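Worksheet: the structure to be examined is printed underneath.
Every number in this text was worked out from the coordinates using simple rules, so none of it is lab data. Note that the structure is a prediction, hence the values are computed from the model and not measured. Neighbour counts run over all protein chains shown; Cβ positions are idealised from the backbone, glycine included.
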Amino acid sequence: MSEQRIDERLAVSAEWLGDARAARALSLVTLGWLGVESTLGLVAGTAAHSVALIGWALSALVEAAASLIVLWRFTGSRTLSPRAEGTARRAVAVSFWLLAPYLVAHVAYDLGEGHRAAPSALGIVVTAVSLAGMPVLGLAKRRLGRRLGSAATAGEGTQNLICGATAAGVLIGLWLNTLGWWWADPAMAVALAVVGVREGARAWRGHACCH
């Protein structure tokens, strides 16, 4: 009976370590994806003068920071360290908060200067690809986060889900701009800022695994 319990603990440990390796691998894939996504999004957003598209592209850099944090969390001796998990969870929370001040300031500037977003074919393509793919990555990381008991991993997955959801919002905003609804673009940018602040607070409290 004692040997059976030992075998069960070893099996659970091996499964947990396998999930940790999977979390690390998904973070590496995400980093490559976000590098391309952010570059193309910034090019398209700058050309179209779309604050929502620029903000969405910059949020990809914030997501990349979360991916780097999870890589740090599951590398070397930190893999089995509860202290490393706590540090990573708080760092992911801070990464959520980095974008909000920029977005609000950029919206205020554009409104003050009378800038209006223009249609962007490249922006539509990039956000459509993100809408299709990011939820897949996000859900996978959320499941891993629950199995690992890692709010940092789940928080990174939440950022990917937000990226997909906001890509849908940016797409809608770009379409509404073609109808003359110029306010849709800055409204979406402000919504991105609010979501980032809210999710950062949840991650800081360790709730990223639970919602």
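Can you name the helices of the chain, as whole DSSP H runs, whose Cα span along the helix axis is 15 Å or more and whose Kyte-Doolittle mean is not below 0.5?
On the way: long enough: 2-48 (67 Å, 0.35); 51-73 (33 Å, 1.72); 82-97 (23 Å, -0.19); 99-113 (21 Å, 0.69); 121-148 (40 Å, 0.95); 151-178 (40 Å, 0.79); 184-204 (30 Å, 0.75).
In the chain, the long hydrophobic H runs are 51-73, 99-113, 121-148, 151-178, 184-204.
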How much length, in nm to one decimal, is gained on full extension between Trp181 and Ala105, taken as 0.36 nm per residue of separation minus their Cα-Cα distance? 25.3 nm
Using the Cα centre of the chain as origin and beta-carbon charges of +1 (Lys, Arg) and -1 (Asp, Glu), tell me which of Thr46, Leu131, Val29 is placed farthest towards the positive end of the dipole. Val29
Taking R0 as 45 Å and r as the Cβ-Cβ distance between Ala47 and Leu17, the FRET efficiency 1/(1 + (r/R0)^6), rounded to the nearest 0.05, comes to 0.45
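Can you give the charge dipole size of the chain about its Cα centre, rounded to the nearest 20 debye, using +1 on the beta carbon of Lys and Arg and -1 on the beta carbon of Asp and Glu? Show your work: numbers first, answer last.
Working: 18 positive and 13 negative charges, 131 e Å.
It works out to roughly 620 debye.
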Quick check: from the Cα gyration tensor, does the stretch 129-211 come out rounded (a/c under 1.5), prolate or oblate? oblate
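222 nm [θ] for the chain, helices only, -39500 (n - 2.57) per DSSP H run of 4+, per residue, to 500?
Values: 7 runs with 178 residues, N = 211.
The helix-only estimate for the chain comes to -30000 deg cm²/dmol at 222 nm.
Show me the three semi-axes of the equivalent ellipsoid for the chain, from the C-alpha gyration tensor (sqrt of 5 times each eigenvalue), largest first, rounded to whole Å. Don't jump to the answer; show the numbers that get you there.
Details: eigenvalues 280, 50, 32 Å².
Listed largest to smallest, the semi-axes of the chain are 37, 16, 13 Å.
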Label point 7 Å beyond Cα of Arg78 along Cβ direction - residues of the stretch 22-58 with amide nitrogen under 18 Å: 22-32
Of the candidates Ser27, Ser67, Ser81, which one comes out as most mobile in a Gaussian network treatment of the chain with C-alpha springs shorter than 10 Å? Ser81
